[in-house]
Every structure is written in C-alpha cells, then in structure tokens.
Amino acid sequence: MGQNHSFTQEELQQLQAGTSLSQAQILRLHKRFRKLDKDGNGTISRQEFNSIPALAANPLLERVLTVFDSDGDKNVDFKEFVRALAIFSNEVEKREKLLFTFKMYDIDGDGKISNKDLFQTLQIMVGTNLTEIQLQQIVDKTFIEADSDRDGYISFPEFEKIVLASDYGDKLTLQF
C-alpha cells in the first residue's frame, strides 16, 4: 500500500477486522503512514522511524519496532502499522494493552519474560542511570514478587496479575 493508494471498501474492512478503529481513523493513519514512508515503498524502515527526532530519542524505539514488525522483515507495512497503533485506542481492552506491554519486555519472543529479558529491557530504559548491580537487584525483586510459580520466568498471567494489582493497572487507557 504505497504512497498514492486509495482503499476499496473491502480493503478498509479487512484493515478494520480485529481492531476497534473506524474507517476514518484508518484513513487518518494512512496519511500519517505515507508521511513516515519517505521513499514511498509502502513500508517504514527503521531508518525512516529513526529520522523522526522525537522517536529517535526514545530508548525503547527498537523494542517498539520489533513488536510492530509482526512478520520480522525489519520494516513496518501499513497493516502492521494499523494493528500496532490500534492497541492505543480507548476501545481496546486492558488485556490487549497488557499483552503489547508484555511483548516489549519479552526480548527473545518466547512468550515469557526471563531474568535476562527484564534486565535488558530495564537497561534500555534507564541507560547509565543505574549500575548493573542496581538493575539486577530490581530484576530480582520483581521476580520475587511476580514469579508466583517460581519457574524462573514471568508468564503473561503472572505479568497481568502484578500490573493490575499495581497503581499502573488503572492507567492503561492510552489515548489514540
């Protein structure tokens, strides 16, 4: 879906399927997508995302792009863009937003958060503001609280339980 693509009703319905986005919202997203797709090839590369100063400064950009890029081809096509951004809609259930967040921490994509996954994610987030020892202490404390079955991993149900029990559980109404 390159720069000048106009959608048929069927294409819009397919893009809408599985999201809570309206057709008007999808068309607005397509305008934004076209602006980000500098070379007009129908995908947004990591370099194109990195050319946006506000995004380039975000230490989690690479993780976000990995989660957006569902087929792993190192580019985000419009369908992936719509599916990923739909998660920020007010109509999306907390569970879906939690799953997106969970994937941000699941660095190796194996469906569970390991000690290493959490350490790496926190390291990305805090940079050099904490020592590796301080980071590991945070990871260890998190595992003591969250890994209720003591298998050495935080599963999605464990993640969901700990987040919903925290002060952040009510703040999952991200604006689109």
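The values are calculated or read from the model by the stated rules, or taken from the named source; none is laboratory data. The shown structure was predicted, so the numbers you read here are calculated from the model rather than taken from an experiment. Cβ sites come from the backbone with ideal geometry, for glycine too, and all protein chains shown count toward neighbours.
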**OP:** Only residues that are at pLDDT below 85 and either in a helix (DSSP H, G or I) or of a type outside the set (Gly, Ala, Ser) (or both): list them for segment 16-27, please.
**Re:** Gln16, Thr19
Subject >> Residue tally, condition surrounded by 17 or more Cβ atoms within 10 Å (Cβ to Cβ) and in contact (Cβ under 8 Å) with a residue 60 or more places away in the chain, over segment 37-68 >> reply: 1
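Report yes if Asp140 is modelled with pLDDT of 90 or more, assigned to a helix (DSSP H, G or I) and not assigned by TED's automatic domain parsing to the domain that holds Gln23, otherwise no.
Numbers: modelled with pLDDT of 90 or more: yes; assigned to a helix (DSSP H, G or I): yes; not assigned by TED's automatic domain parsing to the domain that holds Gln23: yes.
It is true that Asp140 is modelled with pLDDT of 90 or more, assigned to a helix (DSSP H, G or I) and not assigned by TED's automatic domain parsing to the domain that holds Gln23.
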Original post:
For segment 147-176, how many residues meet the condition of being small (Gly, Ala, Ser), modelled with pLDDT of 95 or more and under 24 Å from Ile124 (Cα atoms)?
Top reply: 2
**OP:** Within segment 73-85, identify whether any single residue is assigned to a helix (DSSP H, G or I), surrounded by 13 or more Cβ atoms within 10 Å (Cβ to Cβ), outside the structural domain of Gln25 (by TED's automatic domain parsing) and β-branched (Val, Ile, Thr), and answer yes or no.
**Re:** no
Original post:
Where residues in segment 86-105 are buried (at least 17 other Cβ atoms within 10 Å of the Cβ) and assigned to a loop (DSSP other than H, G, I, E, B), which of them is modelled with the highest pLDDT?
Top reply: Ile87
Subject >> Selected residue (criterion: farthest from Gln123 (Cα to Cα)) from residues of segment 42-72 that are over 12 Å from the mean Cα position of the chain (by Cα) and assigned to a loop (DSSP other than H, G, I, E, B) >> reply: Gly42
**OP:** Report, ordered by the first and then the second residue, all pairs with beta carbons closer than 9 Å, sequence separation of six or more or different chains, a first member in segment 8-19 that is surrounded by 10 or more Cβ atoms within 10 Å (Cβ to Cβ), and a second member that is of a type in the set (Ser, Thr, Tyr).
**Re:** Gln16/Ser22; Thr19/Ser89
Subject >> Within segment 33-69, tally of residues that are modelled with pLDDT under 85 and among the hydrophobic types (A, V, I, L, M, F, W, C) >> reply: 5
Original post:
Restricting attention to segment 106-131, which residues are in contact (Cβ under 8 Å) with a residue 12 or more places away in the chain and either assigned to a helix (DSSP H, G or I) or over 19 Å from the mean Cα position of the chain (by Cα) (or both)?
Top reply: Asn115, Asp117, Leu118, Phe119, Gln120, Thr121, Leu122, Gln123, Ile124, Met125, Gly127
Original post:
Restricting attention to segment 164-175, does a residue exist that is in contact with a Ser or Thr (Cβ under 9 Å, 6 or more places away or on another chain) and either assigned to a strand (DSSP E or B) or surrounded by 12 or more Cβ atoms within 10 Å (Cβ to Cβ) (or both)?
Top reply: yes
